[in-house]
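Accompanying notes for the structure given below.
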Amino acid sequence: MLFLAEFHWAWLAAAGVVGLLMGWVGVVHRSGGLSRRGLQWAAAVLLLAAASAFARIVPGRFGYWLDLGLLMFAAYIIGCAIGAWLRELVVADHRSAS
Amino acid sequence: MRTLLRVVRKWWPGLIPLAILWGLAAWFSTVPFEANLAGRTALSLRETILDKTRIEAAGRDLTVGADAFSEDGRRSSIAIAEAVPGVRLVHDQTRIVDEAKPFTWAAERNVSRLTLSGNVPLPAVRARLLEASRGIAGGIEVADQMAFARGVPPRFEATALLLLEQLGRLRDGKVALSDTSVRLSGIARELGGREAIAAALRNLPEGYAVAENAVAAPPYIFQVNKDPVAATLTLGGYVPDNAAHVALIEAAKRKFLNEKIVDNLKASVGAPAGFVDAATAALGALSRLSTGSLTMSDRKVKLSGDALYDVAADEIRTGLPGELPKGWHAEAEVSTRPPASAVDGTVCEQLFTELLGHGHIRFVSGQADIDNDSRGLMDRLVEIALRCPTSNLEIVGHTDSDGDEATNMRLSERRAQAVLDYMLRAGLPADRLHAVGYGQTQPVASNDTAEGKAQNRRIEFRVR
């Protein structure tokens, strides 16, 4: 996995940037977002994919693409978290100032 | 927690550009990633001893195929592939090379190629055998038809290298191993090569034995070429020793008066019995040809060329086998040179004088028998006589002053008559020839010295 991340660092960085932007925007976005059921489905799919990757049951190139997808998703989530955190900091400063 | 979930729920729209990125990454990275993985695996396996290594990558999974030389080698090569960073799974398609029973190996050389075949235990051994083969090939192509196999007997490499060294001593032939049994066949490159091989085989590594040594000695070659244009007589090949060398060169000087002798002879053991006698007889036959070559190969004598006239050609063809020692065979391919143009008597006499200026007709000491060494000269005299068919010839015999005068007179007459008889046998008409002897009465040099006496013992031709 480490080598995979090293080899695809540019793509992971891009996924991270997308996540950063999404996290930044998500804090102040007014829409309701994903429904509870939708979130559950997403978690289930994610778990299934991760389990398949760890069990190495998806063969050849599909297995590689799955690993790559999970890595990029992880980078995206981390980016989202950082983006959201930074935006929260900015918003909190703004509130305290006003 | 509720706040966190509220925020996370809003992150899903980013999944759309993420999915696009994922697709692009998969599209652009898959092939380079696979090539990188296969390349690094091949690099890691470079130190392992494998044959026919094949590495295919599908995503992070590798298929490794190879011929290994032991179970340990096979396992360790898979372990090395599995340890390459980035590799997820390794599909093992390696196998162990087959065991050969018996373990055979052979090297064969002919004029154009040296071929290695049979079994070989390891790539390093194969490389060393090929290198040794190129060392002895002398520029000819080296073909490698060896296949890897297990079951090699101990000390195989040392034995194979020793046998390759022996193959270098063969002009063509084969060396072969079947387990620990050694076989050799072929013809040695040089005289003495067969003995050198036999001696080297005594140093075979322990456990190996010679099952068959059918290496033959090369033929004992003696070659002479007479080139009338360059006026050279070139002798090549072998003579048994220095004494024989000197004897043959002296014989050549006596028999060939006009030609410059080019001596390329080398001394070597292995001459067949009667070699010097056979070579001397064959040189005598060659001296009668205007152009020709002589090749002696072991006990076979081959003479080819052009005689000066038909009778001489017949005599050479029929006479040569009888002159050779017992057990020798002769093959004479002698034709007759087209007759030279006719000339008048004056030119004829000039030609006789010129030819006899190179050397005299030799006779057996105190007798009237023409020495065999002078047959070449006699044939040239006959050829000149045939060129002036309208002239009469007087053959004049002279002696030195040794012995009493009457005996010398008779000897000179008999010697002139012997020359006349030779010419009659050659086909010249008797009415054109007349023999006369003057004994010691007409010396051309002082009889006080051996050199002068030699000049006085002579036959002269006068054209009338």
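For chain B, averaging the sequence separation of C-alpha pairs within contact (under 8 Å, six or more residues apart) and dividing by the residue count gives a relative contact order of 8 percent.
For B:Lys10, no lysines have a Cα closer than 30 Å to its Cα, not counting residues fewer than 8 places off in the same chain.
Based on C-alpha pairs under 8 angstrom that are at least 6 apart in sequence, the range B:27-96 has a relative contact order of 32 percent. If R0 equals 25 Å, the separation of the Cβ atoms of B:Trp12 and B:Asp92 corresponds to a calculated FRET efficiency of about 0.05. Between beta-carbons, use under 12 Å as the cut-off and find the net charge around B:Asp379, counting Lys and Arg +1, Asp and Glu -1. Its environment carries a net charge of +2. The separation of the range B:189-204 from the range B:391-464, counted between C-alpha centres, amounts to 59 Å. Determine the calculated [θ] at 222 nm for the protein assembly as shown from helices alone, applying -39500 (n - 2.57) to every DSSP H run no shorter than 4 residues and normalising by the residue count; nearest 500 deg cm²/dmol. The per-residue figure over the protein assembly as shown is -15500 deg cm²/dmol. Sorting B:Asp179, B:Asp72, B:Asp379 by the number of Cβ atoms found within 10 Å of their own Cβ, with the fewest placed first, yields B:Asp72, B:Asp179, B:Asp379. Shape class of the range B:273-402 from the Cα gyration tensor (axes a ≥ b ≥ c, square roots of the eigenvalues): oblate, since a/c reaches 1.5 or more and a/b does not exceed b/c. By the combined test of axial Cα extent (at least 24 Å) and Kyte-Doolittle hydropathy (mean at least -0.5), the qualifying DSSP H helices of chain B come to B:15-44. Residues whose amide H lies under 5 Å from that of B:Val182, counting only those 5 or more places away or on a different chain, are B:Ala209, B:Val210, B:Ala211, B:Glu212; hydrogens are built 1.01 Å from N in the peptide plane. By the Cβ-Cβ criterion of under 4.7 Å, the unpaired cysteines of the protein assembly as shown are A:Cys80. Measuring against 18 Å, Cα to Cα, the residue pairs B:Lys226/B:Lys302; B:Lys52/B:Lys101; B:Lys300/B:Lys326; B:Lys260/B:Lys302; B:Lys253/B:Lys326 contain B:Lys52/B:Lys101; B:Lys260/B:Lys302; B:Lys253/B:Lys326 as the ones spanning a longer distance. When both the range B:251-267 and the range A:1-80 are represented by their alpha-carbon centers, they are found 100 Å apart.
Only the coordinates and a few stated rules stand behind these numbers; no lab work does. The shown structure was predicted, so the numbers you read here are calculated from the model rather than taken from an experiment. We place every Cβ from the backbone using ideal geometry, glycine too, and count neighbours over all the protein chains shown.
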